Structure formats: structure tokens, C-alpha cells
1. Taking the condition assigned to a loop (DSSP other than H, G, I, E, B) and among the basic types (K, R), does R63 pass?
2. Going by what's in this entry, would E16 be described as surrounded by 13 or more Cβ atoms within 10 Å (Cβ to Cβ), without any contact (Cβ under 8 Å) to a residue 24 or more places away in the chain, acidic (D, E) and in a strand (DSSP E or B)?
3. Considering only region 19-48, state which residues are assigned to a helix (DSSP H, G or I) and either more than 14 Å from G62 (Cα to Cα) or not small (G, A, S) (or both).
4. Could you give every pair whose Cβ atoms fall below 9 Å, whose first residue belongs to region 23-50 and is touching a residue at least 24 places away in the same chain (Cβ under 8 Å) and β-branched (V, I, T), and whose second residue is exposed (fewer than 14 other Cβ atoms within 10 Å of the Cβ) and outside any helix (DSSP H, G or I), counting only separations of at least 6 or pairs across chains?
5. Could you go through region 1-20 and let me know if any residue there is closer than 13 Å to S68 by Cα and charged (D, E, K, R).
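What follows is calculated from the coordinates using simple rules that are stated; it is not laboratory data. This one's a predicted model, so the numbers in the text were calculated from it and none came from an experiment. Please note: Cβ atoms are built from the backbone with ideal geometry, for glycine as well, and neighbour counts cover all protein chains shown.
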Amino acid sequence: MVLLYVAENPGINMVELAQVCEITVPTASRVARALGRSDAEGSLPPYHGLLEISNNPNDPRGRHLTLSSDGRMICDHIERIIAERAPIFV
């Protein structure tokens, strides 16, 4: 859910993400940091590398979220599946 909200709202911050996902800000932060790269400041395992987390120039405590190239590739794949109305098998 976090990945898709960031895909639809590039630059979203942690507070906004928490609100739209109906989770707490600390939970949004932990999930975003786990979806980030392993070399990103404050990242958490399992380091999926799907999000880029950047500092907010107007608020040193704030962070902006965007998709990484891998995150964009996954979201593009999801959009193609939906557009093709192909069944999803697990």
C-alpha cells in the first residue's frame, strides 16, 4: 500500500503517508525505511530499494518519498497487469 501511495504521490512526506494509509507516523517511517536502499541514512532491513527518501529543504526533520528506478519498474509492471486484465497468480 505504501509503495502505491508513493507512486501516485511523488514527494509525499511521512505525515501525509501515514494519514492516507491510516497508520501512525512511526509505522509509516519504519515501512518507508524498510522499502528504501540499504545505503540510505536510517534505512532498515530488509532494504528493498524501492523508495528514495530525501530531506525536506524546508524542514530538517521532514522527508520526501519518491520511487527508485526499481520501485518504478514494479509499479509499471503492476499497471501493465491491470491494463491487460491479466489474472495474478501467486
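1. Taking the combined requirement at face value, the residue does not satisfy it.
2. In short, no.
3. Q19, V20, C21, V25, P26, T27, R30, V31, R33, A34 - these are the residues of region 19-48 that are assigned to a helix (DSSP H, G or I) and either more than 14 Å from G62 (Cα to Cα) or not small (G, A, S) (or both).
4. Between residues of region 23-50 that are touching a residue at least 24 places away in the same chain (Cβ under 8 Å) and β-branched (V, I, T) and residues that are exposed (fewer than 14 other Cβ atoms within 10 Å of the Cβ) and outside any helix (DSSP H, G or I), the close pairs are V31/M1.
5. There is no residue in region 1-20 that is closer than 13 Å to S68 by Cα and charged (D, E, K, R).
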